[in-house]
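Engineer: I'd like to ask you about the structure that follows.
The values are calculated or read from the model by the stated rules, or taken from the named source; none is laboratory data. Quick caveat, the model's predicted, so the values are computed rather than measured. Ideal geometry is used to build each Cβ from the backbone, glycine not excepted, and the neighbour counts take in all protein chains shown. Calculation scope for accessible area: heavy atoms of the full protein, side chains included, ligands and nucleic acids excluded. Shrake-Rupley method; radii C 1.70, N 1.55, O 1.52, S 1.80 Å.
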Amino acid sequence: MQAPVVGFSKLSKTEKVNWLVTTYFNGDTAMREVITRYWNDDQKLQDLHDGFSENTITNYYFPFGLAPNFLIDGKLVTIPMAIEESSVVAAASKAAKFWLDRGGFKTTVKSTIKSGQVHIMYDGLSSEMEDYFAFAKAELLQSLESINASMKKRGGGIQDLTLVNKTEALSGYYQLHATFETKDAMGANFINTTLEQLATTFRELTATYDGFTSTKPEVIMSILSNYVPECVVNVSVSCPVDEIGTINGVSGEDFARKFTRAVNIATVEPYRAVTHNKGIMNGIDAVVIATGNDFRAVEAGVHAYASRDGHYRSLTRARVEDEVFTFEADFPLALGTVGGLTSLHPLSKLAMQILENPTATQLMRVTAVCGLAQNFAALHSLVTTGIQAGHMKMHLVNMLEQIGATDAEKELLRKEYADKTPSFSGLRESLEIIRRS
Ligand code: MEV
């Protein structure tokens, strides 16, 4: 068995690579080459990237693409997308083009409120916690003044502080539930700093308070919540059914009917809902990553929102009413356009510039549009041709790479498969035929 490595984080990058190549690849120099060829020659840029994480040995590239022609609230937008899956950017672009001539995407930001909790246990009477909170609330808020000052200047800061009795769910469990407006920042650091100050003040005040008959309340932890059911943007597209036109041989009327049913299926059936929402996240994550936001936070929040009534459901809704087709969604998106990686990563900065330096609410709108567009494109294929025809065509480049075709062979195979759905076995057979001839 391999011995544990001691002091790994203290090794230089080259030493870390040496350790890896020796330990896992028998000192194979070709592996060293795989790792080091992705190092950036610009040492300053490399240092910047190394600083984003820990124990870095190299850089991991993602394709950064553009989906142009999105008409959003009457304005043309080009959406930057960082994603490794083929056909996602093409699908977004296709949906953008479809809706460009049909009124475009409309968005409304419902609210940008986020929350965080100080989690507390107290075994005594609930009325004692309530009395204590009434006694302490003003001082708790007062203690946040300096932390809140600059956020307040920008129109944000803590909005409200309540005591939540959770004892029915877990014996002795209470929360200080705080809500926040963080303006253009995602606000994670601000919220967590504020919560930790609340916890400190809470502890200090309990020390001198004599209204508790049981052991004093204990703060367990203080942390923001990535569940943001209030920080929500609505996005919709709509057009008369007779403006849909024929899609992949399917009439507009049939398309609208099948499309609506497909969304209804994802609303009631979790097996389908998860895949349906995964397609939405193809679009949302790609923008979130391109703009340097936290896609894990968004993912967690979105899926919790999709199951907010206790049943995991489609995030999108579709209907035909009075011969008008409408497709829409509410997405909980806590995003920032200042601070964190957004202003550090050169490509996040580029993404922000492509989006003309949006506010956080503008970025919420664009991201939501990309999610709805992605779902539209997926269902567009699913209820007409099926997904594989388009997807596999886009995937052809990867497949040709995987079967080891040379550039000349790729060219021949691309021509041969221009109108055919490729499969690995079919491609291998074709490659053999080419090589034999
Ligand atoms: C693939 O990444 C996403 C889809 O499966 C989404 C869907 O089924 O709706 C095509």
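Engineer: Could you say whether any residue in the stretch 340-351 is open to solvent by less than 40 Å² (accessible area, probe 1.4 Å), touching a helix residue (DSSP H, G or I) at 6+ places or on another chain (Cβ under 8 Å) and at pLDDT below 95?
Structural biologist: yes
Engineer: Tally time: how many residues in the stretch 126-178 are over 18 Å from Arg203 (Cα atoms) and in a loop (DSSP other than H, G, I, E, B)?
Structural biologist: So the answer is 9.
Engineer: Here's another thing I want to ask about it. Criterion first (touching a helix residue (DSSP H, G or I) at 6+ places or on another chain (Cβ under 6 Å), within 30 Å of Ala297 (Cα to Cα) and open to solvent by 30 Å² or more (accessible area, probe 1.4 Å)) does Leu335 satisfy it?
Structural biologist: Values: touching a helix residue (DSSP H, G or I) at 6+ places or on another chain (Cβ under 6 Å): yes; within 30 Å of Ala297 (Cα to Cα): yes; open to solvent by 30 Å² or more (accessible area, probe 1.4 Å): no.
No, not satisfied.
Engineer: Further question on the same structure: Cβ-Cβ distance below 6 Å, separation of 6 or more or different chains: which pairs start in the stretch 259-286 with a residue that is among the basic types (Lys, Arg) and at pLDDT 95 or above and end on one that is within 10 Å of the ligand (Cβ to nearest atom) and assigned to a helix (DSSP H, G or I)?
Structural biologist: Final answer for the pair search is Arg272/Ala266.
Engineer: While we're looking at this one, here's another question. Does Glu253 satisfy the criteria of being outside the structural domain of Ala134 (by TED's automatic domain parsing) and surrounded by fewer than 20 Cβ atoms within 10 Å (Cβ to Cβ)?
Structural biologist: yes
Engineer: Test Val237 against the stated conditions and say whether it is more than 16 Å from the ligand (Cβ to nearest atom) and within 30 Å of Leu140 (Cβ to Cβ).
Structural biologist: So Val237 fails the test.
Engineer: Let me ask you something else. Taking the criterion of being part of a helix (DSSP H, G or I) and polar (S, T, N, Q), would at least one residue in the stretch 397-411 satisfy it? Give the steps one after another, and end with the answer.
Structural biologist: Residues of the stretch 397-411 that are part of a helix (DSSP H, G or I), as a first pass: 397-402, 407-411.
Going one step further and asking which of them are polar (S, T, N, Q), we end up with 398, 402.
So far as the stretch 397-411 goes, yes, one or more of its residues are part of a helix (DSSP H, G or I) and polar (S, T, N, Q).
Engineer: I need the full set of residues from the stretch 392-423 which are without any contact (Cβ under 8 Å) to a residue 24 or more places away in the chain and under 33 Å from the mean Cα position of the chain (by Cα), in order please.
Structural biologist: If the condition is that a residue be without any contact (Cβ under 8 Å) to a residue 24 or more places away in the chain and under 33 Å from the mean Cα position of the chain (by Cα), then Glu401, Gln402 are the ones that fit.
Engineer: Same structure, new question: Could you please tell me which pairs satisfy a Cβ distance under 9 Å, a separation of 6+ or placement on different chains, a first residue in the stretch 1-27 that is among the basic types (Lys, Arg), and a second residue that is exposed (fewer than 11 other Cβ atoms within 10 Å of the Cβ)?
Structural biologist: Lys16/Ser9; Lys16/Asn55
Engineer: Pick from Lys94, Lys75: which is within 16 Å of the ligand (Cβ to nearest atom), among the charged types (D, E, K, R) and open to solvent by 60 Å² or more (accessible area, probe 1.4 Å)?
Structural biologist: Answer to the selection: Lys94.
Engineer: Mind checking which residues of the stretch 182-211 are farther than 19 Å from Ala138 by Cα and of a type outside the set (Ser, Thr, Tyr)?
Structural biologist: Lys183, Asp184, Ala185, Met186, Gly187, Ala188, Asn189, Phe190, Asn192
Engineer: For the structure I just gave you, tell me whether Leu431 is within 16 Å of the ligand (Cβ to nearest atom), part of a helix (DSSP H, G or I) and either in contact with a Gly (Cβ under 7 Å, 6 or more places away or on another chain) or among the hydrophobic types (A, V, I, L, M, F, W, C) (or both).
Structural biologist: In short, no.
Engineer: So Ala82 ticks every box in (1) without any contact (Cβ under 8 Å) to a residue 60 or more places away in the chain; (2) farther than 25 Å from Thr385 by Cβ but one. Which box is left unticked?
Structural biologist: Of everything listed in (1) without any contact (Cβ under 8 Å) to a residue 60 or more places away in the chain; (2) farther than 25 Å from Thr385 by Cβ, Ala82 misses just condition (1).
Engineer: Which members of the stretch 214-262 meet the condition of being among the charged types (D, E, K, R) and part of a strand (DSSP E or B)?
Structural biologist: Going residue by residue through the stretch 214-262, those that are among the charged types (D, E, K, R) are 216, 218, 230, 242-243, 253-254, 257-258, 261.
The answer is Glu218, and nothing else.
A quick yes/no check of all residues on (1) touching a strand residue (DSSP E or B) at 6+ places or on another chain (Cβ under 6 Å); (2) more than 30 Å from Val77 (Cα to Cα):
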| position | (1), (2) |
| --- | --- |
| Lys97 | yes, no |
| Phe105 | yes, no |
| Ser111 | no, no |
| Met121 | yes, yes |
| Met129 | yes, yes |
| Phe133 | yes, yes |
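Engineer: Return the pairs, sorted by first residue and then second, in which the second residue is of a type in the set (A, V, I, L, M) and part of a strand (DSSP E or B), the first residue lies in the stretch 155-178 and is without any contact (Cβ under 8 Å) to a residue 40 or more places away in the chain, the beta carbons are less than 6 Å apart, and the residues are 6+ apart or on different chains.
Structural biologist: Here the result reads Ile158/Ala178; Leu161/Ala178, each pair linking the stretch 155-178 to a residue that is of a type in the set (A, V, I, L, M) and part of a strand (DSSP E or B).
Engineer: Considering only helices (runs of 4 or more DSSP H) fully contained in the stretch 1-114, which possess at least 1 residues that are closer than 29 Å to Val298 by Cα and over 19 Å from the mean Cα position of the chain (by Cα)?
Structural biologist: Values: elements: 13-25, 29-36, 43-51, 88-100.
Filter on the stretch 1-114 gives 43-51, 88-100.
Engineer: Considering each residue of the stretch 111-155, count those that are in contact with a Cys (Cβ under 8 Å, 6 or more places away or on another chain) and surrounded by fewer than 16 Cβ atoms within 10 Å (Cβ to Cβ), and give that number.
Structural biologist: Summing the residues that are in contact with a Cys (Cβ under 8 Å, 6 or more places away or on another chain) and surrounded by fewer than 16 Cβ atoms within 10 Å (Cβ to Cβ) in the stretch 111-155 gives 1.
Engineer: Can you name every residue in the stretch 78-88 that is buried (at least 19 other Cβ atoms within 10 Å of the Cβ) and either more than 12 Å from the ligand (Cβ to nearest atom) or of a type in the set (Lys, Arg) (or both)?
Structural biologist: Across the stretch 78-88, the qualifying residues are Ile79, Pro80, Met81, Ala82.
Engineer: Name the residue, out of Val268, Val287, Val237, Val274, that is hydrophobic (A, V, I, L, M, F, W, C), exposed (fewer than 14 other Cβ atoms within 10 Å of the Cβ) and more than 19 Å from Thr384 (Cα to Cα). Full working, then the answer.
Structural biologist: Details: Val287 fails: exposed (fewer than 14 other Cβ atoms within 10 Å of the Cβ); Val237 fails: exposed (fewer than 14 other Cβ atoms within 10 Å of the Cβ); Val274 fails: exposed (fewer than 14 other Cβ atoms within 10 Å of the Cβ).
Selected residue: Val268, the only one of Val268, Val287, Val237, Val274 that is hydrophobic (A, V, I, L, M, F, W, C), exposed (fewer than 14 other Cβ atoms within 10 Å of the Cβ) and more than 19 Å from Thr384 (Cα to Cα).
Engineer: Report the residue count in the stretch 392-419 for those that are within 13 Å of the ligand (Cβ to nearest atom) and in contact with a Phe, Trp or Tyr (Cβ under 7 Å, 6 or more places away or on another chain).
Structural biologist: The initial filter retains those residues of the stretch 392-419 that are within 13 Å of the ligand (Cβ to nearest atom), namely 392, 394-395.
Checking which are in contact with a Phe, Trp or Tyr (Cβ under 7 Å, 6 or more places away or on another chain) leaves us with none.
Of the residues in the stretch 392-419, 0 are within 13 Å of the ligand (Cβ to nearest atom) and in contact with a Phe, Trp or Tyr (Cβ under 7 Å, 6 or more places away or on another chain).
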